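The values are calculated or read from the model by the stated rules, or taken from the named source; none is laboratory data. Computed from a prediction, not measured in an experiment: that's the story for all the values here. Methodologically, a virtual Cβ is constructed for each residue, glycine included, from the backbone with ideal geometry; neighbour enumeration extends over all protein chains shown.
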Amino acid sequence: MSLSREDAYLILNALPRVGWVTLQRLLQNFDNDPQAILNGTETDFKRIGITAAACKNLCQWRSLFEPTAEKKRLAAMGAVFISFEHPDYPPLLKNIYDPPIGLYLLGALRPSDRTIAVVGSRYATAYGLQLAERFGAECAERGWCVASGFARGIDTAAHRGALRAKGATVAVLGCGLDRIYPPENADLYAQLKQHGCLLSEFPLGTRADRMTFPRRNRILSGMSRATWVIESDVKGGSMLTAAFANDQNRPVFATPGRVDSPLSRGCHALIRDGATLATCVDDVLEDLKAAPPLPLQLDFEAKMQHIRRDKEPSLEGAELRVYETLKAKGALGSSELCAYCELEPEVLQRVLFSLELNRWIVRRNDGLFEL
């Protein structure tokens with residue numbers, strides 16, 4: 001089978017245990033040639049330190065993924081796959097530590113560097129929904145693309161505002177493009193397909209779960225010049241998106257609310273910790289106009305240095321056990337962590353989610369967890 005570079009990236013993107021760090025090592029040792037990687041041998045992979053699980057999947061990719069069938073499904077729904085080498089790949093997304101090696105896109109719009117992420121709670125108040133729709137419309141009217149996560153609440157309102165203004169909006173999904181989640185957003189999905197863009201790093205058929213959403217959130221912040229949180233409690237997906245934006249050296253804005261409302265606590269915490277208070281679109285756009293240009297794409301080692309932490313978390317119980325295990329043994333999968341930490345899978349999933357939400361660990365694209 002003759003594969004193009006884009007086809008090769010399509011395959012590598014779909015293979016379990018082959019995440020961004022693994023792919024960088026492979027590209028460095030295979031002359032930046034994704035086709036050569038797929039023709040490599042087990043000996044080649046082991047020689048450069050690829051894990052046994054990744055080796056197995058790379059050697060057996062033909063039995064794990066059929067690119068021709070995937071491309072036919074994409075063509076039938078009017079979608080495309082692009083690698084990070086493609087000119088339509090979101091320009092700002094290349095600057096983050098772990099950019100997706102490829103993206104699935106549906107819709108005529110292509111993201112630009114004039115993008116703002118507008119996010120917030122799924123359980124938003126009527127006031128928050130009104131603000132999100134208004135701010136989404138006003139950003140779009142001023143020529144900015146409104147990116148959000150297609151979730152219930154604030155995300156949906158921001159998308160609808162941009163569409164109402166006949167402006168640009170992009171939905172970053174935590175599932176495959178062929179799945180609509182939440183299902184009540186079927187009409188919004190149809191509008192975005194026609195007038196905006198739906199985007200995902202996940203192969204077709206991938207279901208949304210609590211592990212896909214954090215990966216979605218780092219794309220949302222990574223493709224945007226800034227992240228604007230409208231309403232949020234102190235824990236939740238929008239706070240994680242703001243944390244990713246902070247790690248990616250992108251500005252974070254937050255809109256204050258009632259002091260007695262749980263859905264204002266997250267925004268107030270962000271403002272306390274250094275986010276810019278934003279009560280209108282001018283607050284955001286004026287700040288962005290005055291901000292220095294974003295840095296050029298960092299090289300691999302610079303990105304690795306950028307995310308290393310100098311402080312230790314204050315943890316206890318199961319969370320401390322998992323953290324100390326990863327610190328001692330390096331990247332591990334869920335089954336290995338269950339065994340080392342002597343935890344039931346259900347308990348481990350809750351612990352991993354909490355640690356990831358608070359940015360003490362990260363789930364790599366190959367499925368392993370590391371500090």
Which of (1) outside any helix (DSSP H, G or I); (2) touching a residue at least 24 places away in the same chain (Cβ under 8 Å); (3) more than 20 Å from E138 (Cα to Cα) does P214 not meet, given it meets every other one? (1)
Can you tell me which residue within region 334-367, out of those that are more than 16 Å from L320 (Cα to Cα) and in contact with a strand residue (DSSP E or B) (Cβ under 8 Å, 6 or more places away or on another chain), is modelled with the highest pLDDT? R363
What are the residue pairs meeting all of these: first residue in region 146-163, first residue assigned by TED's automatic domain parsing to the domain that holds R122, second residue basic (K, R) and assigned to a loop (DSSP other than H, G, I, E, B), Cβ atoms under 7 Å, and 6 or more apart or on different chains? A151/R122; R152/R122; G153/R122
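What about S83, is it within 25 Å of G176 (Cβ to Cβ), over 24 Å from the mean Cα position of the chain (by Cα) and of a type in the set (S, T, N, Q)? Quick ask: steps written out before the conclusion?
Details: within 25 Å of G176 (Cβ to Cβ): yes; over 24 Å from the mean Cα position of the chain (by Cα): no; of a type in the set (S, T, N, Q): yes.
So S83 does not fit the description; no.
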Which residue out of A137, A126, A132 is aliphatic (A, V, I, L, M) and farther than 26 Å from K235 by Cα? A137
One residue is enough: does region 1-19 have a residue meeting the conditions modelled with pLDDT of 90 or more, touching a strand residue (DSSP E or B) at 6+ places or on another chain (Cβ under 6 Å) and within 22 Å of L332 (Cα to Cα)? yes
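Out of Y89, Y104, which single residue is crowded, with 19+ Cβ neighbours inside 10 Å, touching a residue at least 24 places away in the same chain (Cβ under 8 Å) and closer than 19 Å to L173 by Cβ?
Result of the check over Y89, Y104: Y104.
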Given D44, D31, D7, which one is at positive phi and either in a helix (DSSP H, G or I) or not hydrophobic (A, V, I, L, M, F, W, C) (or both)? D31
Can you confirm whether F45 is touching a Pro at 6+ places or on another chain (Cβ under 9 Å), of a type in the set (F, W, Y) and more than 30 Å from D233 (Cβ to Cβ)? no
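Residues checked against (1) among the aliphatic types (A, V, I, L, M); (2) on the phi < 0 side of the Ramachandran plot; (3) modelled with pLDDT under 95:
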residue: R179; (1), (2), (3): no, yes, no
residue: P183; (1), (2), (3): no, yes, no
residue: H195; (1), (2), (3): no, yes, no
residue: L198; (1), (2), (3): yes, yes, no
residue: F213; (1), (2), (3): no, yes, yes
residue: L220; (1), (2), (3): yes, yes, no
residue: S224; (1), (2), (3): no, yes, no
residue: I230; (1), (2), (3): yes, yes, no
residue: G237; (1), (2), (3): no, yes, yes
Please go through region 170-207 and pick out each residue that is buried (at least 19 other Cβ atoms within 10 Å of the Cβ), touching a Ser or Thr at 6+ places or on another chain (Cβ under 9 Å) and not in a loop (DSSP other than H, G, I, E, B). V170, A171, V172, N185, L188, L192, C197, S200
